[in-house]
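Take a look at the structure below.
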């Protein structure tokens, strides 16, 4: 019992084990099990399983090199570059993009967590075309991915789209490689607290 209390709640894996241990101790000694705590532990287990399945699914589909996956205590984030999903200056999904998004969407729709889709661009001004600014283009791209996921069965209640334009760069806009990194879509699954 002392061991279960000594586990740090900062580490989600340890936190999940802590929750499960506490629920088992309560059950063993005839105490009431905390339904919310048990539900949270189950949700965290489902998230962990989904994350593992997502990695396997991307490897099996040959798309793991096209998607960067990051995970922390708050969310699982998938970063996809513009070239994978869209033609330059466009918010229409390319046909290969659907093949990249399909296995991701199939895994994400297995759990009821919130999903945030963010569009980002570089700082090169848009001079011609359908969109008047990078901000507008980034929002349109996030919306295209949101519509794809909604059409593939993810509940609209789970989905949110945002466009940041050029305002949150991760690369140096003075260099071509940096601008390419900045043109991206980030799909974040919010984990259970």
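Select from the range 118-136 the residues that are assigned to a loop (DSSP other than H, G, I, E, B), in contact with a helix residue (DSSP H, G or I) (Cβ under 9 Å, 6 or more places away or on another chain) and on the phi < 0 side of the Ramachandran plot and list them in ascending order.
121, 122, 123, 124, 125, 126, 130, 131
Does at least one position in the range 73-90 carry a residue that is part of a helix (DSSP H, G or I) and either out of contact with any strand residue (DSSP E or B) (no Cβ under 9 Å at 6 or more places or on another chain) or free of Cβ contacts under 8 Å to residues at least 40 places away in the same chain (or both)? Full working, then the answer.
Applying the first criterion (part of a helix (DSSP H, G or I)) to the range 73-90 yields 82-85.
Going one step further and asking which of them are either out of contact with any strand residue (DSSP E or B) (no Cβ under 9 Å at 6 or more places or on another chain) or free of Cβ contacts under 8 Å to residues at least 40 places away in the same chain (or both), we end up with 83-84.
Taking every residue of the range 73-90 in turn, at least one turns out to be part of a helix (DSSP H, G or I) and either out of contact with any strand residue (DSSP E or B) (no Cβ under 9 Å at 6 or more places or on another chain) or free of Cβ contacts under 8 Å to residues at least 40 places away in the same chain (or both).
Would you mind stating whether residue 142 is in contact with a strand residue (DSSP E or B) (Cβ under 7 Å, 6 or more places away or on another chain), modelled with pLDDT of 95 or more and closer than 17 Å to residue 84 by Cα? Break it down stepwise before answering.
Working: in contact with a strand residue (DSSP E or B) (Cβ under 7 Å, 6 or more places away or on another chain): yes; modelled with pLDDT of 95 or more: yes; closer than 17 Å to residue 84 by Cα: yes.
Against the criterion (in contact with a strand residue (DSSP E or B) (Cβ under 7 Å, 6 or more places away or on another chain), modelled with pLDDT of 95 or more and closer than 17 Å to residue 84 by Cα), residue 142 qualifies.
Among the residues of the range 91-117, write down those that are surrounded by fewer than 20 Cβ atoms within 10 Å (Cβ to Cβ) and in a loop (DSSP other than H, G, I, E, B).
Scanning the range 91-117 gives 92, 94, 109, 110, 111, 112, 113, 114.
Of the numbered conditions (1) touching a helix residue (DSSP H, G or I) at 6+ places or on another chain (Cβ under 8 Å); (2) buried (at least 17 other Cβ atoms within 10 Å of the Cβ); (3) under 18 Å from residue 97 (Cβ atoms), residue 139 satisfies every one except a single condition; which is it?
Among (1) touching a helix residue (DSSP H, G or I) at 6+ places or on another chain (Cβ under 8 Å); (2) buried (at least 17 other Cβ atoms within 10 Å of the Cβ); (3) under 18 Å from residue 97 (Cβ atoms), the lone unmet condition for residue 139 is (1).
Are there any pairs, at least 6 apart or on different chains, whose C-beta atoms fall under 7 Å, with the first in the range 150-177 and at positive phi and the second part of a loop (DSSP other than H, G, I, E, B), and if so, which?
These pairs meet every condition: 153/109; 165/121; 165/133.
Under the condition of being touching a helix residue (DSSP H, G or I) at 6+ places or on another chain (Cβ under 8 Å) and not in a loop (DSSP other than H, G, I, E, B), which residue from the range 61-72 is surrounded by the fewest Cβ atoms within 10 Å (Cβ to Cβ)?
Result: 69.
Within the range 91-117, how many residues are out of contact with any helix residue (DSSP H, G or I) (no Cβ under 9 Å at 6 or more places or on another chain) and without any contact (Cβ under 8 Å) to a residue 12 or more places away in the chain?
Going through the range 91-117 one residue at a time, the tally reaches 1.
The values are calculated or read from the model by the stated rules, or taken from the named source; none is laboratory data. Computed from a predicted structure; not experimentally measured. All Cβ positions, even for glycine, are placed from backbone atoms using ideal geometry, and neighbour counts span all protein chains on display.
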